[in-house]
Amino acid sequence: MNLCVDIGNTRIKYAIFDKGAMVEQQAVEKVGKSDFTRLVKDFPIRRSIVSSVVNHLPEFVNYLKERTNYFEFTSETPTPLKNLYRTTYTLGSDRLTAAVGAYSQFKGEDYLVIDFGTCIKYNFVNKEGEYLGGGISPGILMRFKALNAFTDRLPLVDFDTSFDKLIGTSTRESVLSGVINGAVAEVNEIMDLYQAQYSGIKYVITGGDAPFFEKRLKKGIFADPFLLLKGLNEILNFNVK
């Protein structure tokens, strides 16, 4: 069995795979050594891989190194994709992992993975299996926080997923309209720009805010909440082979 762990800016996600099938998964804000001690005891985990956009949890990593065949994923780790990103040393491991997660399903096609997390990340892979890069913009919550932090009078507005107005009739509603409609319009326009260059391109979305966007994007899309974890499992198996 494989243990795959993705340490993001706000959440830690992990999954256990048995012969390609996900048998357990969870997303938490904090994790202790006891959590992974239980996993290693309860499941016959032979290999583990960790991807992190923040500092690793040293005690946890050392525990995995002692008890499993441990891999640390970075932008330099071999993957099924050919990485053509110009500054690979600055490439967030989560971006490449998400791109790999969609590769087995869309091999031989152009596809764009959009990850809706702390940031909105666009990751493009062409039909030759080459990762070219994409774009990064502020996520929904970051936009709300920025309006509050960089102005004197705008309040910090909570993300209301049920909000569907164009015209805000109060300051709160105006902030909601600007942030939500602006983010949705951005993503739809970015998808149009890719479509203009790569006819027939496929779109895959993932991340914590993906369910909100899934209902509002105008193009046909594939949604996969476990894309990063599946990508880590693909990378782990690729390196073992």
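The table for this structure:
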{"item": "Test item: Cα-centred dipole of segment 68-211, Lys/Arg +1 and Asp/Glu -1 on Cβ, debye", "result": "120 debye"}
{"item": "Around E189: net Lys/Arg minus Asp/Glu count, Cβ-Cβ under 12 Å", "result": "0"}
{"item": "Options F212, A102, M142, ranked by Cα towards positive dipole end of segment 82-241, top entry (Cβ charges)", "result": "A102"}
{"item": "Rel. contact order, % - alpha carbon contacts under 8 angstrom, at least six apart, the chain", "result": "20 percent"}
{"item": "Sites matching trypsin sites (Lys or Arg not before Pro) across segment 122-191 that sit in DSSP coil, with at most 14 neighbouring C-beta atoms within 10 Å", "result": "K127, R153, K165"}
{"item": "Segment 141-147 - phi-based ³J(HN,Hα) in whole Hz, Karplus 6.51/-1.76/1.60, Gly and Pro as x", "result": "5, 5, 5, 4, 5, 5, 4"}
{"item": "Computed [θ] at 222 nm, deg cm²/dmol, the chain (DSSP H ≥ 4; -39,500 (n - 2.57); rounded to nearest 500)", "result": "-11000 deg cm²/dmol"}
{"item": "Cα-based reach from K165 at 26 Å (exclusive), listing lysines while leaving out same-chain residues under 8 positions away", "result": "K121, K145, K215, K218, K219"}
{"item": "Most positive-pole-ward Cα, T151, M191, F163, against dipole of segment 119-208 from beta carbon charges", "result": "T151"}
{"item": "Ranked by how many other beta carbons lie within 10 Å on average, peptides 191-197, 112-118, 15-21, 222-228 from highest", "result": "112-118, 222-228, 15-21, 191-197"}
{"item": "About the Cα centre, charge dipole magnitude for the chain (Lys/Arg +1, Asp/Glu -1 at Cβ), debye", "result": "360 debye"}
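We did not get these values from a lab; they are worked out from the coordinates using the rules stated. Everything numeric here is computed off the predicted structure, so don't read it as measured data. Positions of Cβ are backbone-derived with ideal geometry, glycine not excepted, and every protein chain shown enters the neighbour counts.
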